[in-house]
Structure formats: C-alpha cells, structure tokens
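Trainee: Structure incoming, see below.
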Amino acid sequence: MVRTKKSKLYLFLLLVTFALVSACSATPETGEAPSEAVCSAIIDAKCVRCHYKTRICGALGTKSSRQWKKTLKFMIKQGAQLTEDEKNKVIACLISLPTGSNVVCQ
Ligand code: HEC
C-alpha cells in the first residue's frame, strides 16, 4: 500500500517536472540565451581542447536541452573545466544556436 502511494507520488512529480521542462523548451526565447559573442567566447575557451568545434557543429539541432545536459555532464567527466554558470550558459547556447551556426561551424 505504502509502496503504491509512493510510486504515485513519484509519477506525479515526474509529470510536474515534465510539464515544467516542456513549458520551458516550448519558449526558448524567454530563457535568457546568451549572445552569440558570449557563446563563442565560452565555447572557444572550453570546448576545443579535446576536439574540433565541428564535433559540436554536427550535433546542433539534434539534441533536446535534456540531452545537451547529459552531453555536458559527459564532457565534464572527460575533464572539461566548466563552472556551473558556464555549463548552464553553454547549454542555453547549444539549444538556441541554429543548425550550421558560425559559432561552432566556421
Ligand atoms: C576534456 C576533453 C573534452 C572537452 C574539454 C570537451 N569535450 Fe566534447 N567530447 C570529448 C570526447 C572524448 C568526445 C568523444 C566521444 C565520442 O567518441 O563519441 C567528445 C564529443 C563531443 C560531442 C559529440 C558527441 C555527442 O555527444 O554529441 C559533442 C557535441 C561535444 N563533445 C561537445 C562538447 C562541448 C559543447 C564542450 C564544451 C563545453 C566539449 N565537448 C568539451 C571530450 C571533451
């Protein structure tokens, strides 16, 4: 009984989280996406130590914010040095940059 109640609660929380996440990703303009100059500066400083930006270029437009979060987590595991703030900025950049953006594809 207790178990069932608990899993219902989890399901509820999951749904709320999902609703919030999709509400956010439906309106990316409202989240303050950094300017291209800021994106470019962080990515040039933090993301080219281990691979070319073309790696990032190829992934533009293929990932949800959730997937980008996972990717960034993985990069940090590999040794990328990003503060929490930089990480969030890069994620916002990667979600907002259009496919083929000069920031990562030049
Ligand atoms: C410490 C090394 C390192 C740094 C710094 C780094 N990466 Fe990576 N990245 C890797 C490795 C290793 C792979 C290759 C994984 C593979 O072979 O698929 C990779 C692959 C990728 C890929 C392609 C695979 C995928 O999941 O789509 C993307 C996109 C990417 N990195 C984004 C970034 C971004 C954005 C940054 C800057 C915040 C960054 N990386 C910084 C190590 C790093």
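Readers should treat all values here as calculations from the given coordinates under stated rules, not as data from a laboratory. Note that the coordinates shown come from a computational prediction; the quantities given were computed from them, not determined experimentally. So basically every Cβ, Gly included, is an ideal-geometry build from the backbone, and we count neighbours across all protein chains shown.
Trainee: Condition (residue is surrounded by 15 or more Cβ atoms within 10 Å (Cβ to Cβ), hydroxyl-bearing (S, T, Y) and more than 8 Å from the ligand (Cβ to nearest atom)) applied to segment 60-81: is it met by at least one residue?
Mentor: Scanning segment 60-81, I find at least one residue that is surrounded by 15 or more Cβ atoms within 10 Å (Cβ to Cβ), hydroxyl-bearing (S, T, Y) and more than 8 Å from the ligand (Cβ to nearest atom), so the answer is yes.
Trainee: From the set of residues in segment 34-48 that are within 12 Å of the ligand (Cβ to nearest atom) and not small (G, A, S), which is nearest to D85 (Cα to Cα)?
Mentor: I42
Trainee: Report, ordered by the first and then the second residue, all pairs with beta carbons closer than 6 Å, sequence separation of six or more or different chains, a first member in segment 33-58 that is under 14 Å from L72 (Cβ atoms), and a second member that is part of a loop (DSSP other than H, G, I, E, B) and within 10 Å of the ligand (Cβ to nearest atom).
Mentor: Taking only residues 6 or more apart or on different chains, the pairs are K46/L82.
Trainee: May I pose another question? Mind listing whichever residues of segment 49-59 are more than 8 Å from the ligand (Cβ to nearest atom) and more than 13 Å from N102 (Cα to Cα)?
Mentor: Y52
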